[in-house]
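Scroll down for the structure; my scribbles are underneath it.
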Amino acid sequence: ICWDYKNKKILDIGSGIGRHIPYLLSEGFDVNSLEVSRQIVKQLSSQFSDVNFVVGKNNDIPFVDNYFYYILACASIYSLSTIKSDISENYKETCRVIKSDGKIVFSMLGHKHSMLENSKRYENNFLILKNNHGFVPNVIIRPFLPKDKYHDIFSHFEISHHGEIIEN
C-alpha cells in the first residue's frame, strides 16, 4: 500500500455521522462522501467544508469511471434500494469508480451483530434494519455473503482479508 495519501481521492461510502472524515483529512486525502440521506449530507457539509458530499446510493455512484484511488465502505456496502435489489450491483459500481490499482476497504456485519436484532428477515438473507444505531431508519441490507462470492465479484482485486464483524 502506498502510504502517501496527500491529495489522493477517496470515497467514503455511507459516511453516517462522519466518524472517519477527521482521520482521512488528517492523512491528506481528498475526501468525497456518498450518503443516502440529504439531512446527513446537509449536517456534515456544515461541519466539514473541505469535503465533497454527494447524495446517492451504492448501486448508482455519481462519479466517473476510475476516479478514486481508495474507497472506504464501513458498514455500508451492503445497503440496498429495494428487497429485489442485487447486492452485486453495489460491488460492480464500486469497481467501476475505483482506479485499476486502487484499494477498497469494506466491512460486512456478521450474523450476530447487534444491528441485526429485531430486523425483519426475508429470503436470501435480506433484512430491514430496525436497530440502525440512529442512522437512516428501515434500511434494507444483505449483510453477508459466502467468501467465494467476494472472489467472484472482485475477481480482478487481491483480497487480503475476509472475516465478519461479530460482537461479544
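The values are calculated or read from the model by the stated rules, or taken from the named source; none is laboratory data. As the structure is a prediction and not an experimental result, all values here were calculated from the model. As a convention, Cβ positions derive from the backbone with ideal geometry for all residues, glycine included, and neighbour counts pool all protein chains shown. With ligands, DNA and RNA removed, areas are computed over all heavy atoms of the protein, side chains included. Shrake-Rupley method; radii C 1.70, N 1.55, O 1.52, S 1.80 Å.
Just checking, does the range 37-54 include any residue being open to solvent by less than 20 Å² (accessible area, probe 1.4 Å), outside any loop (DSSP other than H, G, I, E, B) and without any contact (Cβ under 8 Å) to a residue 60 or more places away in the chain?
yes
Just checking, how many residues over the range 55-67 are assigned to a strand (DSSP E or B) and either among the small types (Gly, Ala, Ser) or open to solvent by less than 30 Å² (accessible area, probe 1.4 Å) (or both)?
Going residue by residue through the range 55-67, those that are assigned to a strand (DSSP E or B) are 55, 57, 60.
This time we only want the ones that are either among the small types (Gly, Ala, Ser) or open to solvent by less than 30 Å² (accessible area, probe 1.4 Å) (or both), so: none.
Matching residues across the range 55-67 total 0.
Scan (1) at negative phi; (2) out of contact with any Lys or Arg (no Cβ under 8 Å at 6 or more places or on another chain) for the single condition Val36 breaks and write down its number.
Val36 satisfies all of (1) at negative phi; (2) out of contact with any Lys or Arg (no Cβ under 8 Å at 6 or more places or on another chain) except (2).
Considering each residue of the range 4-36, count those that are among the basic types (Lys, Arg), under 15 Å from the mean Cα position of the chain (by Cα) and assigned to a strand (DSSP E or B), and give that number. Full working, then the answer.
First pass over the range 4-36, keeping only residues among the basic types (Lys, Arg): 6, 8-9, 19.
Then drop every residue that is not under 15 Å from the mean Cα position of the chain (by Cα), which leaves 19.
If we keep only those that are assigned to a strand (DSSP E or B) as well, we get none.
So the answer is 0.
Out of the residues in the range 96-129 meeting the condition of being assigned to a helix (DSSP H, G or I) and either of a type in the set (Asp, Glu) or at pLDDT 80 or above (or both), tell me which one is most open to solvent (accessible area, probe 1.4 Å). Quick ask: steps written out before the conclusion?
Within the range 96-129, the first condition is being assigned to a helix (DSSP H, G or I), and the residues that meet it are 96-97, 114-116, 123-125.
Retained after the next criterion (residues that are either of a type in the set (Asp, Glu) or at pLDDT 80 or above (or both)): 96-97, 123.
Details: Arg96: 65, Val97: 0, Glu123: 148 Å².
Out of the qualifying residues, it is Glu123.
Can you give me the number of residues within the range 12-36 that are open to solvent by 30 Å² or more (accessible area, probe 1.4 Å) and not small (Gly, Ala, Ser)?
Count: 9.
Just give me the residues in the range 48-65 being of a type in the set (A, V, I, L, M) and under 13 Å from Gly14 (Cα atoms), in sequence order. Spell out the reasoning first.
Keep residues of the range 48-65 that are of a type in the set (A, V, I, L, M), which gives 51, 54-55, 61, 64.
Within the range 48-65, Val54, Val55, Ile61 qualify.
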